[in-house]
Amino acid sequence: MTERGPSTPGKQGAIAVVCRGACLLVIRRSQVVVAPGTFCFPGGAIEAGETEPQALQREFAEELGAELRPRQRIWQSVTPWNVRLAWWLADLDPAAELRPNLDEVESFHWLTIRAIRNLPELLTSNHAFLAAWERGEFALPIEKP
């Protein structure tokens with residue numbers, strides 16, 4: 001048995017960063033999942049045997065009923081709950097129809113960085129992602145405010 005400490009995260013997740021114009025796609029979690037009613041970028045757990053891109057595609061399809069194409073990992077982080085997150089820039093066909101799975105996602109929104117920052121129920125890991133972007137740790141195909 002291996003002890004897991006802060007430097008050895010147990011769970012892993014893949015997060016989709018989807019840009020459209022000056023906006024990013026965020027979801028509001030349903031009331032029956034972990035962290036109910038909070039806002040975050042789409043994504044979820046990486047299952048055994050999955051690559052990060054495979055998990056991202058599966059989670060996006062499960063949450064929003066559409067296909068996306070992972071382009072590149074742009075950042076990584078570890079949450080206060082010891083979950084390692086891989087943040088992926090991903091492409092979504094502009095004609096794709098998003099259909100939230102109401103068991104997981106209450107709603108989806110295309111918002112500017114400023115609007116996302118002002119969401120009162122934005123998950124902590126998402127604030128850290130936006131702060132890293134603002135510090136120039138990675139680039140997004142949108143303009144800084």
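Counting only strands (runs of 3 or more DSSP E) wholly contained in region 1-118, the ones carrying 1 or more residues that are more than 27 Å from Glu134 (Cα to Cα) and touching a residue at least 24 places away in the same chain (Cβ under 8 Å) occupy 105-111.
Thr51 satisfies every condition listed in (1) in contact with a helix residue (DSSP H, G or I) (Cβ under 8 Å, 6 or more places away or on another chain); (2) open to solvent by 40 Å² or more (accessible area, probe 1.4 Å); (3) not hydrophobic (A, V, I, L, M, F, W, C) except (1). Does at least one position in region 35-43 carry a residue that is more than 22 Å from Leu119 (Cβ to Cβ) and open to solvent by 50 Å² or more (accessible area, probe 1.4 Å)? Within region 35-43, none of the residues are more than 22 Å from Leu119 (Cβ to Cβ) and open to solvent by 50 Å² or more (accessible area, probe 1.4 Å). Tell me, please, whether a residue that is open to solvent by 80 Å² or more (accessible area, probe 1.4 Å) and of a type outside the set (Asp, Glu) can be found in region 77-84. Yes. Taking the numbered list (1) open to solvent by 30 Å² or more (accessible area, probe 1.4 Å); (2) of a type outside the set (S, T, N, Q); (3) modelled with pLDDT of 95 or more in turn, Phe60 passes all entries but (1).
Between Arg20, Arg99, Arg114, which is surrounded by fewer than 17 Cβ atoms within 10 Å (Cβ to Cβ) and touching a Phe, Trp or Tyr at 6+ places or on another chain (Cβ under 7 Å)? Step through it out loud before you land on a result.
On the way: Arg99 fails: touching a Phe, Trp or Tyr at 6+ places or on another chain (Cβ under 7 Å); Arg114 fails: touching a Phe, Trp or Tyr at 6+ places or on another chain (Cβ under 7 Å).
Step by step, each of Arg20, Arg99, Arg114 is checked, and only Arg20 is surrounded by fewer than 17 Cβ atoms within 10 Å (Cβ to Cβ) and touching a Phe, Trp or Tyr at 6+ places or on another chain (Cβ under 7 Å).
Candidates in region 119-132 are the residues that are in contact (Cβ under 8 Å) with a residue 24 or more places away in the chain and not in a loop (DSSP other than H, G, I, E, B); of these, the one that is most open to solvent (accessible area, probe 1.4 Å) is Thr124. Restricted to region 133-145, and to residues there that are open to solvent by 60 Å² or more (accessible area, probe 1.4 Å) and not aliphatic (A, V, I, L, M), the residue that is modelled with the lowest pLDDT is Pro145.
The values are calculated or read from the model by the stated rules, or taken from the named source; none is laboratory data. Since this is a predicted model, take the numbers as computed values, not measurements. With ideal geometry, Cβ positions are generated from the backbone for all residues, glycine too; neighbour counts draw on all protein chains shown. In case anyone asks, the SASA skips ligands and DNA or RNA and just uses the protein heavy atoms, side chains included. Shrake-Rupley method; radii C 1.70, N 1.55, O 1.52, S 1.80 Å.
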